[in-house]
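J.: Just passing along the structure, written as structure tokens.
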Amino acid sequence: MKTEDLTYIDWNLFSILKEPKLNPHIILDDFLKRESDKITLVYSDAHLGDLAKTSDEFKDIRKNDLNYLSAKTKDLVMVKYFGRDYVDVEKRNALEFYETNVYDNSTEPLAQWQTVVKQMTDSFGPIRDNVIKTHFKLDPKSICNFSVSQLDELIKMIGIGNSIKEFVEFGLSLRGDTSKNPLTYIDYYTTAYMNLDLIGFYPDSLNENGGFSNLLNDSKHSAYGSICKAFITNDNKCYHKSKFLFEYFKSNSKLIKTCKIKNRTAEFEKELNSLTE
């Protein structure tokens, strides 16, 4: 099955759909049930990474969540195995897949990145904010509205590179020798996602427990979603980083959010209905 035929929903939204209460989530739940023969849902190793954060004290809840994930996706999974230059789409029960402990097989090469992200955030955060205030006359939180050229300029001013492309290349260089495991689109995308976070583009908190793990899983959700028919999320920060990167990497996937849409439910329903046309 081609990834372009799949609809990707991150775990945050999947968990909400267990008992939807807000109107957008109810609309989405009804749509997925009504169009179940036309919409093919899929999970990924990033979903398993999210569920891995569940304490063993609540392992029964995690088991139920994994079974729920399998039922919603009919055991269809997409995963970029470490050492492969493509994404696999296969049938694997989520609980069994989780218990094989291979869901995190591509994280270890990124171990250095966690330290670097924290160090660079501490070092460049104040400089970045000052540049935004002084040269762009914006509140640092407004960086979300920046274009590629504006971010290129910001990166130059901060002194961490000459462009987004160069900054991504720097992040990729931290993985060391990749001659045996060539870098792929997913690698470039996830690194770009984390670099956007680093320079303050709708940043996630890395100070919380599991902060880097959350960021890594969100980067994977966005990357996988970018090669599907659609990526639907309830995470506003993930949505905006994804929106930027979908344009940057020229993704054909439809990016849809269920959060912060207020009175836009009619437009939201139109977006959903377009997935079955």
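J.: If I histogram all Cα-Cα distances within the chain using bins 10 Å wide from 0, what percent of pairs lands in each bin?
T.: 6, 29, 35, 22, 8, 0
J.: If I build a Gaussian network model for the chain, linking alpha-carbon pairs within less than 10 angstrom, which residue out of LYS59, LYS257, LYS80 has the largest mean-square fluctuation?
T.: LYS59
J.: Moving to a separate point now. I'd like to compare 28-37, 222-231, 48-57: which one has the highest average count of other Cβ atoms within 10 Å, and what's the full order after that? Could the numbers behind the result be given before it?
T.: On the way: 28-37: 13.9, 222-231: 25.5, 48-57: 16.1.
Top to bottom by mean Cβ count within 10 Å: 222-231, 48-57, 28-37.
J.: Which angle between 0 and 90 degrees, to the nearest 10, do you get for helix 23-34 versus the longest principal axis of the chain when only C-alpha atoms count?
T.: Compared with the principal axis, the helix lies near 50 degrees.
J.: Using the alpha-carbon atoms, what tilt in degrees (0 to 90, nearest 10) does helix 236-248 show relative to the longest principal axis of the chain?
T.: Here the helix axis deviates by roughly 70 degrees.
J.: Also, quick follow-up: Using the crude model of +1 on Lys and Arg Cβ and -1 on Asp and Glu Cβ, and no other charge, please compute the dipole size for the chain relative to its Cα centre, in debye to 20.
T.: On the way: 37 positive and 41 negative charges, 128 e Å.
Result for the chain is approximately 620 debye, rounded to the nearest 20.
J.: May I ask for the angle, rounded to the nearest 10°, between helix 211-226 and the longest principal axis of the chain, with both axes built from Cα atoms and the value confined to 0 to 90°?
T.: 70 degrees
J.: On to the next question. Counting other beta carbons within 10 Å of each residue's own, what order do MET1, MET78, MET157 fall into, fewest first?
T.: Values: MET1 12, MET78 22, MET157 16.
Ascending Cβ contact count within 10 Å gives the list MET1, MET157, MET78.
J.: Find how many whole Å separate the alpha carbon centroid of the range 37-99 from the alpha carbon centroid of the range 239-277.
T.: Answer, in whole Å: 23.
J.: For a protection proxy built on the mean count of beta-carbon atoms within 10 angstrom, sort 185-196, 63-74 highest first, please.
T.: On the way: 185-196: 23.3, 63-74: 17.6.
Going from most to least packed, we get 185-196, 63-74.
J.: Can I ask one more? Put a dot 7 Å past each Cα toward the Cβ at LYS18 and ARG264; how far apart are the dots in nm?
T.: Modelled inter-label distance: 2.8 nm.
J.: Just subtract the alpha-carbon distance of PHE58 and SER142 from 0.36 nm times their residue separation and send over the number in nm, one decimal.
T.: Details: separation 84, 0.36 × 84 = 30.24 nm, distance 3.87 nm.
Stretched fully, the PHE58-SER142 segment lengthens by 26.4 nm.
Since every read-out is calculated from the coordinates, none of them should be taken as a lab result. Please read these numbers as outputs of a predicted model, since none were measured by experiment. As a convention, Cβ positions derive from the backbone with ideal geometry for all residues, glycine included, and neighbour counts pool all protein chains shown.
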